[in-house]
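Trainee: Before we start, here is the structure in question, set down as structure tokens.
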Amino acid sequence: MKKFIALTATLSLLISCGSSDRGELVGVRGKKWRPEKPYGMTLVPGGAYIMGKSDDDLANVQDAPTKTVTVRSFYMDETEITNSEYRQFVEWVKDSTMRTRLAILADEQGQTPGSGGIGEFAFKDQAAEGEEQSAYDKYMNENYWSLGTDDDPYAGRKLNHKAKLIKDPQKYPDEFYVEVMDSMYLPESESYNGLRTVDVSKLVFGYKWLDIQAAAKDKSTGNSRTKRSKYLRTEKVSVYPDTTVWIKDFAYSYNEPMHNDYFWHDAYGEYPVVGVSWGQAKAFCAWRTLNKNVYQKEKKRQQVNSFRLPTEAEWEYAARGGRQSGTFPWGGPYAKNDTGCFLANFKPNRGDYAADGALYTVEAQSFDPNDFNLYNMAGNVSEWTDASYDANAYEYVSTMNPTVSDLKNNRKVIRGGSWKDVAYFLQNGTRDWEYADSARSYIGFRTVQDFMGTQNTSNQ
């Protein structure tokens, strides 16, 4: 024991003498860090504002009394997430699922890289001792074909994501490749018009997240060290939007063209995605974080913090655009400008959805943005927030970064109103909700990311 202590002391002296800190407390010096504005986002500088109804509560809901709160700075998507952006997520999940199935079948057939055919997609050998897994491989290992269990024959194996997937049926390399690809598509008996349709039930995204709220509130552990795994949650989410919402939301109404074309056709690429549940929106945030950090890892840059859904207070603060008591994002109290043109996409008259120039949604970058350069914070589609709905929430939430996060409450707050709503629901202070597992033709979302640092506020 004495020898061990002496050795430790000697090593400490050697480390101290060989450093350049001259024995001073200089801290741990990492790489110089500068904030990077995420693509397609704008900085919303933190500050205080009066949350709640700016005008009389005409509907007498009484769920949004005024309250002064403060929120921290964050980045927010300038537009709602579009069909094109969400399709990137769906395509990523589809390609990853195909690679996983190809690798498993190649392994079962004893195929290896270099053997041709499906073998080009076989699992790569386990990382050598001391070799670090890439962020992509680590994610795939944990979420797609291995949860790290002892009885998983593929635990620790790595996908070969460098091999290019072959999408043309005429160029499939062998019968095993055909078998995998056929398993990803609906059988011919369920197809029509000569279309080869992907079986969207196979498109499942898995991810893990840490329930920090549960960890912080757990009093059973006392001062003992608790394994993080106790608070790790695993989610498996079917990612394809529910395109049938265009028909289910409106009885005795002809909306089949929107069901058939809205999500996948390029004509609607820049329109906001709809038919996405709260859980799917959360999954998109997890994927966007992963996708960005894989790139950061490859470029040997620091990882970015998570993309997420906004809290209700953040959403309202951003919608106001710095206008403390404005009824709408442009101020208010009217939904028309001086020349008589509507300022948002909504239902302005009884039975008349098209008076504002659009029957359904409009492109995500339509109408003028508010003073934070955010488009369609009123109208077009309502937007999911991360908050759980409680009619009395404003009475008890904190005045600093207020939110209600209750996993047992399936009612989630949506804000902003939509193309099928009257002007009341477009107001900054109007609250509404929908069940988390529901998808609607008038609900979309946008994401936010925390600003790293505290010096940027609107009060400066």
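The values are calculated or read from the model by the stated rules, or taken from the named source; none is laboratory data. In this text, all values refer to a predicted model and were calculated from it rather than measured experimentally. Cβ atoms come from the backbone with ideal geometry, glycine included; neighbour counts cover every protein chain shown.
Trainee: Do the conditions hold for Phe250, that is, is it out of contact with any Cys (no Cβ under 8 Å at 6 or more places or on another chain) and crowded, with 16+ Cβ neighbours inside 10 Å?
Mentor: Criteria not met by Phe250.
Residue-wise test of (1) crowded, with 18+ Cβ neighbours inside 10 Å; (2) touching a residue at least 60 places away in the same chain (Cβ under 8 Å); (3) closer than 30 Å to Asp168 by Cβ.
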position	(1), (2), (3)
Val44	yes, yes, no
Gly52	yes, yes, no
Val61	no, yes, no
Met76	yes, yes, no
Leu105	yes, yes, yes
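Trainee: Identify the residue in region 163-180 that is assigned to a loop (DSSP other than H, G, I, E, B) and over 28 Å from the mean Cα position of the chain (by Cα) and, among all such residues, is surrounded by the fewest Cβ atoms within 10 Å (Cβ to Cβ). Walk me through how you get there before you give the answer.
Mentor: Residues of region 163-180 assigned to a loop (DSSP other than H, G, I, E, B): 163-168, 172-174.
From what's left, over 28 Å from the mean Cα position of the chain (by Cα): 166, 168, 172-174.
Values: Ile166: 15, Asp168: 6, Tyr172: 18, Pro173: 14, Asp174: 13.
Per the stated criteria, the residue is Asp168.
Trainee: A follow-up question, please. Among (1) part of a loop (DSSP other than H, G, I, E, B); (2) modelled with pLDDT under 95; (3) out of contact with any helix residue (DSSP H, G or I) (no Cβ under 6 Å at 6 or more places or on another chain); (4) assigned by TED's automatic domain parsing to the domain that holds Cys285, which single condition is Val404 missing?
Mentor: In the conditions (1) part of a loop (DSSP other than H, G, I, E, B); (2) modelled with pLDDT under 95; (3) out of contact with any helix residue (DSSP H, G or I) (no Cβ under 6 Å at 6 or more places or on another chain); (4) assigned by TED's automatic domain parsing to the domain that holds Cys285, Val404 misses (3) alone.
Trainee: Of all residues in region 407-437, count the ones that are part of a loop (DSSP other than H, G, I, E, B) and among the hydrophobic types (A, V, I, L, M, F, W, C).
Mentor: Step one: of region 407-437, the residues part of a loop (DSSP other than H, G, I, E, B) are 407-410, 416-422, 427-431, 436-437.
Filter again for among the hydrophobic types (A, V, I, L, M, F, W, C), leaving 407, 419, 422, 436.
Total satisfying the criteria: 4.
Trainee: List every residue pair whose Cβ atoms sit under 7 Å apart, with the two residues 6 or more apart in sequence or on different chains, where the first one lies in region 170-187 and is more than 16 Å from Ala106 (Cβ to Cβ) and the second, anywhere, is not aliphatic (A, V, I, L, M).
Mentor: Here the result reads Tyr185/Arg196; Tyr185/Thr197; Tyr185/Asp199; Leu186/Thr197; Leu186/Asp199, each pair linking region 170-187 to a residue that is not aliphatic (A, V, I, L, M).
To keep it simple, each residue is scored yes or no on (1) touching a His at 6+ places or on another chain (Cβ under 9 Å); (2) aliphatic (A, V, I, L, M); (3) in a loop (DSSP other than H, G, I, E, B); (4) at pLDDT 65 or above.
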position	(1), (2), (3), (4)
Ile118	no, yes, no, yes
Asp150	no, no, yes, no
Gly156	no, no, yes, no
His161	no, no, yes, yes
Asp182	no, no, no, yes
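Trainee: Identify the residue in region 333-360 that is outside any loop (DSSP other than H, G, I, E, B) and loosely packed, with under 12 Cβ neighbours inside 10 Å and, among all such residues, is modelled with the highest pLDDT. Walk me through how you get there before you give the answer.
Mentor: Filtering region 333-360 for residues outside any loop (DSSP other than H, G, I, E, B) gives 336, 342, 349, 352.
If we keep only those that are loosely packed, with under 12 Cβ neighbours inside 10 Å as well, we get 349, 352.
Details: Asn349: 84, Asp352: 87.
Only one residue fits best here, namely Asp352.
Trainee: Moving on to the next point. Is it the case that Ala364 is in contact with a helix residue (DSSP H, G or I) (Cβ under 8 Å, 6 or more places away or on another chain) and at pLDDT 95 or above? Step through it out loud before you land on a result.
Mentor: Working: in contact with a helix residue (DSSP H, G or I) (Cβ under 8 Å, 6 or more places away or on another chain): no; at pLDDT 95 or above: yes.
When the stated conditions are applied, Ala364 does not pass them.
Trainee: Next question, about the same structure. Going by the conditions given, is Lys217 exposed (fewer than 14 other Cβ atoms within 10 Å of the Cβ) and closer than 30 Å to Asp261 by Cα?
Mentor: Values: exposed (fewer than 14 other Cβ atoms within 10 Å of the Cβ): yes; closer than 30 Å to Asp261 by Cα: no.
No, not satisfied.
Trainee: Name the residue that is farthest from Glu80 (Cα to Cα), counting only residues in region 367-397 that are at pLDDT 95 or above and of a type in the set (S, T, N, Q).
Mentor: Of everything passing the filter in region 367-397, Ser388 is farthest from Glu80 (Cα to Cα).
Trainee: Hey, another quick one. With respect to the numbered conditions (1) touching a residue at least 40 places away in the same chain (Cβ under 8 Å); (2) surrounded by fewer than 17 Cβ atoms within 10 Å (Cβ to Cβ); (3) among the hydrophobic types (A, V, I, L, M, F, W, C), which one is the sole condition not fulfilled by Ala267?
Mentor: (1)
Trainee: Further question on the same structure: Might you check whether a residue that is surrounded by 21 or more Cβ atoms within 10 Å (Cβ to Cβ), of a type in the set (D, E, K, R) and touching a residue at least 40 places away in the same chain (Cβ under 8 Å) occurs anywhere in region 407-414? Spell out the reasoning first.
Mentor: So the first thing to find is which residues in region 407-414 are surrounded by 21 or more Cβ atoms within 10 Å (Cβ to Cβ), and the list is 412-414.
From what is left, the residues that are of a type in the set (D, E, K, R) are 412.
Those left that are additionally touching a residue at least 40 places away in the same chain (Cβ under 8 Å): 412.
Yes - at least one qualifying residue is present in region 407-414.
Trainee: If you don't mind, another one. For Pro369, are the conditions met, namely being within 21 Å of Thr68 (Cα to Cα) and not hydrophobic (A, V, I, L, M, F, W, C)? Explain how you work it out, then say what you get.
Mentor: On the way: within 21 Å of Thr68 (Cα to Cα): no; not hydrophobic (A, V, I, L, M, F, W, C): yes.
Against the criterion (within 21 Å of Thr68 (Cα to Cα) and not hydrophobic (A, V, I, L, M, F, W, C)), Pro369 does not qualify.
Trainee: Quick one: would you say Pro310 is surrounded by fewer than 20 Cβ atoms within 10 Å (Cβ to Cβ) and either in the same structural domain as Trp384 (by TED's automatic domain parsing) or under 30 Å from Met400 (Cα atoms) (or both)? Step through it out loud before you land on a result.
Mentor: Values: surrounded by fewer than 20 Cβ atoms within 10 Å (Cβ to Cβ): no; either in the same structural domain as Trp384 (by TED's automatic domain parsing) or under 30 Å from Met400 (Cα atoms) (or both): yes.
No.
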